[in-house]
Amino acid sequence: MAGQRMQFPIGGKNKDELMAAMQKLKNADANYEKGRTWSLVYYAGEELTELVKQAYNMFFHENALNPTAFPSLRQFESEITAMAAHMLGGDEQVVGNMTSGGSESVMMTVKTARDWARKVRPEVTEPEMLLPITAHPAFMKAAHYFNVKPIHIPITEDYRADAVAARELVTSNTILIVGSAPAYPHGVVDPIVKLAALAQENHILCHVDACLGGFMLPFVRELGYPMPAFDFQVPGVTSISADIHKYGYAAKGASVILYRNRELRMHQLFAYPDWPGGAFISPSMSGTRPGGAIAAAWAVMNYLGKEGYVALAKSTMETTEALMKGIEAIPGLYILGKPNMSVFAFASQTHNVLVLADLMESYGWHMDRQHSPDCLHFMVTPAHEGIVDVFLGDLQKAVTLMETDSEVASQAGSAAMYGMVGTLPDRGMVRDFLLNMLDEFGTYKSSE
Ligand SMILES: *Cc1c(COP(=O)(O)O)cnc(C)c1O
């Protein structure tokens, strides 16, 4: 019966039927393998996926909560963080941990900064952190969870954090300055050298969020593309987050958080000796930590090596350049800022890009909308290598349709909703709308 809530089955179901039912649902999902999506999945082909699955499955049940039971996982984790530190310009002093993803890495860095300040700057009672408006919402979540006040740094015309404005925002309560390498919305790297120098002058911490770019920027730089300094080579950078489950092509549930030295990382760690269940230690937010995700990350980093990542970065950058060139060749469309890697957004002064997105979705593309200004977002992966011409053809078709059919151009569709989320002045109302949407998701009604 439609709308009835799913009940827990009394008897178990048949395995083949279950698999078939799941496959049917999967078939209706976004098709990342054919490059029809521009976010969420970083797909580098079947061969690499098989390797990652094999490594994951080998450690499917292992738990990194207790490193003494599984020395294998402990070794993987320490080698992964050492390799990542080396890749990101760190010396022997740099240490870190694996986390379940970028959000957890970001949360750990904010928590670490807060606890570092409690010890080193006890006069600070209401800690603040500076973050560019383009910084990932995980920082707002961390602010919310850990009671650190977020202060937004505006961006300049090139969509990078305004380092001059940042200087004016530093107060005696500031404990942390954040920069992204790159920021998700426009794919541009913030002026890390200036932000880190500002942090150093004020004896505070500086985090570089390289969740997106950590496993891409070093290889794009290696290919000879111009690249601003963004890693541990920059004086004043005290921590870096990098997601292996993004451009590292690992299984989901894999990120690293790295600190300049052990003393800093100490503020991240947790120990509780008094529990009747035994002395409890945990490096991060998660208790149980999936061995599979750690093993898969270790396997893919060793399998590809630097050369493998550079080769993937090369084809991905070529695809990105072809896409950006094709988009800019369509009159009225333009790329925002100067993207540093394979992530970018385009906007238009002549066309409503939200309507354009609806049209592209009707052609079978999964599109990502952003606002301020309205624009469409692209995260390019090896899966997009063969689809550039098809995509650009569809984009041209949609633009032409909007130009020749005034009915289409004025059609609202989902564009009205996205427009509202982006521009409605009452942000509290938009927030309530989004919270209600999330609440609705949690009460999914079975269609059977
Ligand atoms: C993806 C991302 C994050 C958050 O990572 P999750 O793995 O989604 O939790 C943080 N910062 C940036 C720049 C990101 O792109």
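Tabulated data
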{"read-out": "Inter-label distance, nm, simple model (7 Å from Cα along the C-beta direction), residue 350/residue 387", "value": "2.7"}
{"read-out": "Approximate shape of region 94-156 as ellipsoid semi-axes (Cα gyration tensor, √5λ), whole Å, largest first", "value": "18, 18, 10"}
{"read-out": "Positive-end extreme of charge dipole, the chain - chosen from 240, 153, 135 (charges on Cβ)", "value": "240"}
{"read-out": "Computed label-point distance, nm, for sites residue 22 and residue 92 using a 7 Å Cα→Cβ extension", "value": "4.7"}
{"read-out": "Calculated FRET value between residue 397 and residue 31, using beta carbons and R₀ = 22 Å, to 0.05", "value": "0.70"}
{"read-out": "Cα-based Rg of region 92-236 normalised by 2.2 N^0.38 Å, two decimals", "value": "0.99"}
{"read-out": "Sites residue 57 and residue 432, calculated FRET efficiency, Cβ-Cβ separation with R0 60 Å, nearest 0.05", "value": "0.90"}
{"read-out": "Given 16 as the ceiling on other Cβ atoms within 10 Å, longest exposed-site-free region of the chain for trypsin sites (Lys or Arg not before Pro) in DSSP loops", "value": "35-444"}
{"read-out": "Residue (of 110, 429, 312) at the positive-pole extreme of the chain, dipole from beta-carbon charges", "value": "110"}
{"read-out": "Accessible area per residue, Å², region 1-92 with all protein chains present, probe 1.4 Å", "value": "74"}
{"read-out": "Farthest positive-ward along the chain dipole, Cα basis, beta-carbon charges - from 362, 217, 59", "value": "59"}
{"read-out": "Dipole moment magnitude, nearest 20 debye, the chain about Cα centre, only Lys, Arg, Asp, Glu C-beta charged", "value": "1040"}
{"read-out": "Mean-position separation - Cα centroids, region 114-178 and region 224-272, in angstrom", "value": "18"}
{"read-out": "Centre separation in Å (Cα based) which lies between region 1-65 and region 325-385", "value": "29"}
{"read-out": "Theoretical FRET efficiency, 1/(1+(r/R0)^6), r = Cβ-Cβ of residue 303 and residue 74, R0 25 Å, to 0.05", "value": "0.75"}
{"read-out": "Of 26/397; 111/141; 15/252, pairs whose Cα-Cα distance is over 20 Å", "value": "26/397; 15/252"}
{"read-out": "Dmax and Rg, reported as Rg then Dmax, of region 187-284 (C-alpha, Å)", "value": "16.5, 57"}
{"read-out": "Principal axis box of the chain, alpha-carbon based, largest edge first, Å", "value": "67, 64, 47"}
{"read-out": "Semi-axis lengths, Å, region 152-226, gyration tensor of Cα atoms, sqrt of 5 times eigenvalues", "value": "24, 13, 10"}
{"read-out": "Cα convex hull of region 318-448, projected area averaged across orientations, nm²", "value": "10.4"}
{"read-out": "Computed over region 1-80, Cα set: Rg, Dmax in Å", "value": "18.7, 53"}
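The values are calculated or read from the model by the stated rules, or taken from the named source; none is laboratory data. Please read all numbers here as calculations on a predicted model, not as lab measurements. Quick reminder, even Gly has a Cβ in these numbers, built from the backbone with ideal geometry, and neighbours come from all protein chains shown. Ligands, DNA and RNA are stripped out before the accessible areas are found, and what is left, the full protein with its side chains, is counted by its heavy atoms. Shrake-Rupley method; radii C 1.70, N 1.55, O 1.52, S 1.80 Å.
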